[in-house]
Amino acid sequence: MTATLRGASVAHARRALAERFRAAGIESPELDARILTGHALGLDHAGLASAASQQISDLTAAQIERFAVRRVAGEPVARILGEKEFWSLPLTVTHAVLVPRPETETVVELALDLLDRDGARARALRIADLATGSGAILLALLSELPNAHGLGTDIDAEALAVARANAQRLGFAGRATFLAGDYGAPLGGWFDLIVSNPPYVASSDIATLAPEVRDHDPRHALDGGADGLGAYRAIAADTPRLLKQSGYLVIEIGAAQERAVGDLFARAGLAITAARPDLSGITRAMAAKLR
Ligand SMILES: C[S@@+](CC[C@H](N)C(=O)[O-])C[C@H]1O[C@@H](n2cnc3c(N)ncnc32)[C@H](O)[C@@H]1O
């Protein structure tokens, strides 16, 4: 492809890339081609449009080719860019973290709704994000809650380094602390809000996931144990020790896990108070309080 792109215009390079992605069966060929061509040139959407007739350099043609090979091999665009937008925040992602998903924004929305009902947005809230990964949920909440402080935990030290770098990059380092450990184990004291998007795929289902997920997200970010519910048991056990009586636990769940998670929370002394569907209509976020 480098040879065919040599001397090509920006618009031609973008169209050729889209064509190649379409032929490879990639779901969003135009969008992926636009993003990757823009990334190779250091241009955003508007910049790409205004540079449409300019000729690309050999260096850029080679860069586009490298991106094309990775994308055609199934690597998600966010992994090629090393960045993913979540709640309108640009987050760095590496091989150590799950690429934050749009449906996880449902957790942020439900948590903010509950705080709004209590008129609590401006309070000096204390938030815990268990299994924080890139820090996505915690940093989104800090962006909306000006007086909140948060603690994020993760079992993976490399993921925590990514979360710390994201907090620094976004200007939240003074309000976010990241600790290594098992869900709530490293934490103490009382929290107004505990959030989590833990691993929740049953171990035996991992082989059936889309290759973009199965082959690129870290296995320990997906694997929820034999029945997919291992993390919820740990979080349910931690919550009575960490959640204020007035506080909320807001978690992401997988498709069809609502009942099982509700049952195990009930056994741990938690009452489900709200649930929220994602854009596909699947119940994605659940909120609980201490009974
Ligand atoms: C599904 S990812 C979610 C990451 C982030 N919260 C998000 O929504 O993008 C789950 C995270 O759980 C972490 N994890 C796995 N086992 C854990 C454990 N026992 N304790 C804490 N974190 C764990 C993984 O390293 C991964 O970062």
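The values are calculated or read from the model by the stated rules, or taken from the named source; none is laboratory data. Computed from a predicted structure; not experimentally measured. Using ideal geometry, Cβ is built from the backbone for each residue, glycine included, and neighbour counts are taken over all protein chains shown.
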### Query
Which condition does ALA159 not pass, out of (1) of a type in the set (Gly, Ala, Ser); (2) over 17 Å from PRO100 (Cβ atoms); (3) within 12 Å of the ligand (Cβ to nearest atom), if it passes all the others?
(2)
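May I ask you to say which residue of GLU109, GLU105 is within 12 Å of the ligand (Cβ to nearest atom), of a type in the set (Asp, Glu), within 15 Å of the chain's Cα centre (by Cα) and surrounded by 14 or more Cβ atoms within 10 Å (Cβ to Cβ)? Before you say what the answer is, go through the steps one by one.
Working: GLU109 fails: within 12 Å of the ligand (Cβ to nearest atom).
Residue meeting the stated conditions: GLU105.
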### Test result for ALA275, assigned to a strand (DSSP E or B) and among the hydrophobic types (A, V, I, L, M, F, W, C)
yes
### Matching residues in the range 112-141 - criterion: being within 16 Å of the ligand (Cβ to nearest atom) and out of contact with any helix residue (DSSP H, G or I) (no Cβ under 8 Å at 6 or more places or on another chain)
none
### GLY7 outside the structural domain of ALA210 (by TED's automatic domain parsing), in contact (Cβ under 8 Å) with a residue 40 or more places away in the chain, exposed (fewer than 15 other Cβ atoms within 10 Å of the Cβ) and not acidic (Asp, Glu)
yes
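Residue-by-condition table, conditions (1) surrounded by fewer than 16 Cβ atoms within 10 Å (Cβ to Cβ); (2) part of a loop (DSSP other than H, G, I, E, B); (3) modelled with pLDDT under 95:
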| position | (1), (2), (3) |
| --- | --- |
| ASP205 | yes, no, no |
| ASP217 | no, yes, no |
| HIS220 | yes, no, no |
| ARG233 | no, no, no |
| ARG241 | yes, no, no |
| TYR248 | no, no, no |
| ILE251 | no, no, no |
